[in-house]
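Note sheet for the following structure.
Since every read-out is calculated from the coordinates, none of them should be taken as a lab result. No experiment lies behind these values; they were computed from the predicted model shown. Cβ placement follows ideal geometry from the backbone for every residue including glycine, while neighbour counts extend to all protein chains displayed.
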Amino acid sequence: MGNKVKYNLKNVHAAKLTKSDDGTFSYAVPKAIPGAVSISLDAEGDSSPFYADGIVYFRSNSNNGYSGDLEMALIPEWFRTEILKEILDKNGVLVERSDITETEKFALLFEFDGDVRAIRHVLYNCSASRPSIESETKEDTIEPGTETLSLTADPREDGLVKSRTGDNTASETYQNWYKSVYIPEELVSPEDNITTGQ
């Protein structure tokens, strides 16, 4: 495993994922995570060669999503209660309990700071583990610590992993990227663009 590369982020949003009894997926309206600093992701999966006639005949690649870290200035309270399932008591205190074993799944939407083309991304099936607590104290000044979530972006059960805007993404789709989670339309395969004359 190489070192993870950190990418600086902007426009980070999360949208809670719900799977209904009939197996359909839906997302809440994305909510902004202000102060998100960086993301570092490694692709998960295997590349398996198949040998025939003494050469690599073909290579199968499995896509198991991504794993990495999401660093932010401060995890918003709504993210702690809705996604990490911390409980808010009547005095407004956030309580962590050991019997909450599984956090909620969510879509993560973002773009990279400094990306000239401002490509927008969505990871469809993320889960986050509890953050580590960090803060740095110097002699007279307190450095603002950041909070880091361990992030896993698994393929959704129907295979969906990630989408990103491309060269010909419709303007309306691009503008509305953070208003609702983009679900792919019917996919156009290269063969569909080839007309065969009889």
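Please give the peptides 73-82, 21-30 ranked by average Cβ packing (other Cβ atoms within 10 Å per residue), highest first, as a rough proxy for protection.
73-82, 21-30
Between residue 64 and residue 89, how high is the FRET efficiency from 1/(1 + (r/R0)^6) when r is the Cβ-Cβ distance and R₀ = 30 Å? Nearest 0.05.
According to the calculation, E is roughly 0.20.
If the cut-off is 23 Å between C-alpha atoms, which lysines fall inside it for residue 10, apart from same-chain ones fewer than 8 positions away?
Filter leaves 31, 105, 162, 179.
Among 6, 179, which comes first, second and so on when ranked by fewest other beta-carbon atoms within 10 Å?
Final ranking by Cβ density, sparse to dense: 179, 6.
Listing 9, 160, 88, 70 from the residue with the fewest other Cβ atoms within 10 Å to the one with the most, what is the order?
Ascending number of Cβ neighbours within 10 Å: 88, 160, 9, 70.
Order by neighbour count: 108, 41, fewest other Cβ atoms within 10 Å first, most last.
41, 108
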